[in-house]
Amino acid sequence: MSGSKASQASISLPLLGFTFTLAFCSIVYELLLGQILSAFLGNTVLRYSVTIGLYMFSMGIGALIASPALLRYPVLALQVIELILALLGSVSVLLLFLIDSTGSPPFVFSIIAHTLIIVIGILTGLEIPLLVELRADVENAPSRILGIDYIGAFVGTLAFALWFYPQLGIFITAFATALLNAIVGILLPIYLRGEARFNSALVVAQALALIVLIIALTYNSQIEEFAIDLYINRS
């Protein structure tokens, strides 16, 4: 019995690492969107308050809509979610610059930005019950996963405020964070091989996303320069 418990405890450690990383990524995406909203629309306090509040609300919606059918294949569902988050998180900043460059009214820009916040929040909320389902047989799995999730989000806020935004800028932060999502999307099914159903095609898609994100990081300066030109010439 003790050997079984030790085995369960050891195999849960990588899962806690995935949980930490996913929470870290999601809060960084939301802070990026809050920063973009405040930069383009002003009123920083309002933008960040609404962003975080809407994010928490959307997480609750995501957790509530985690149906038994979805929980039946947690690895498969997480593969899809991490792929979407990697793609959405990586393009969100540039997308908002492009929308602003079209001269769209502020309310259109605001609707699209807040839609991104809601979608990322819902997907993040779905992650928690799926991660718990992966190790439902482990004692105290829900509390441990939730605890690590909160810690990951806290570290993400500190990393964004102290390092990502002031040192790296918004574009490289978006690409690097999406890269982490893609890596987790690849490692999760590898870690759980033989224990849960997963989709090889989604692993390949994650690998392709990983390659694209590495290329985006390589050309980050050019992408940032392009976005700044859009911002300057939008009028």
Residues of the stretch 40-87 being free of Cβ contacts under 8 Å to residues at least 40 places away in the same chain and either under 15 Å from the mean Cα position of the chain (by Cα) or within 13 Å of Ile118 (Cβ to Cβ) (or both), in sequence order, are Ile52, Gly53, Ile84
Any chance Ile61 is surrounded by 16 or more Cβ atoms within 10 Å (Cβ to Cβ), β-branched (Val, Ile, Thr) and part of a helix (DSSP H, G or I): no
Does Ala182 meet the test of being open to solvent by less than 10 Å² (accessible area, probe 1.4 Å), under 15 Å from Val93 (Cβ atoms) and part of a helix (DSSP H, G or I)? no
Which residues, taken from the stretch 144-167, are open to solvent by 70 Å² or more (accessible area, probe 1.4 Å) and not charged (D, E, K, R)? Tyr150, Ile151, Phe154, Leu158, Leu162, Trp163, Tyr165, Pro166, Gln167
Criterion first (out of contact with any Pro (no Cβ under 7 Å at 6 or more places or on another chain), within 30 Å of Leu162 (Cα to Cα) and at pLDDT 95 or above) does Leu85 satisfy it? yes
So Ala77, is it open to solvent by less than 40 Å² (accessible area, probe 1.4 Å), closer than 25 Å to Glu225 by Cβ, in contact with a helix residue (DSSP H, G or I) (Cβ under 7 Å, 6 or more places away or on another chain) and not basic (Lys, Arg): no
Of the residues in the stretch 212-231, those that are of a type outside the set (Val, Ile, Thr), open to solvent by less than 50 Å² (accessible area, probe 1.4 Å) and over 14 Å from Ala86 (Cβ atoms) number 3
Just wondering, is there one or more residues in the stretch 113-128 that are touching a residue at least 24 places away in the same chain (Cβ under 8 Å), open to solvent by 10 Å² or more (accessible area, probe 1.4 Å), small (Gly, Ala, Ser) and under 23 Å from Thr51 (Cα atoms)? no
Is there a residue being over 18 Å from Cys25 (Cβ atoms) and of a type in the set (Gly, Ala, Ser) anywhere in the stretch 114-132? no
Which residue is nearest to Ile120 (Cα to Cα), if the candidates are limited to the stretch 24-58 and must be surrounded by 22 or more Cβ atoms within 10 Å (Cβ to Cβ) and small (Gly, Ala, Ser)? Ser26
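The values are calculated or read from the model by the stated rules, or taken from the named source; none is laboratory data. In this text, all values refer to a predicted model and were calculated from it rather than measured experimentally. Don't worry about glycine lacking a Cβ; one is built from the backbone with ideal geometry, like all the others, and counts go over all protein chains shown. Just the protein is used for accessible areas: all its heavy atoms, side chains included, with ligands, DNA and RNA removed. Shrake-Rupley method; radii C 1.70, N 1.55, O 1.52, S 1.80 Å.
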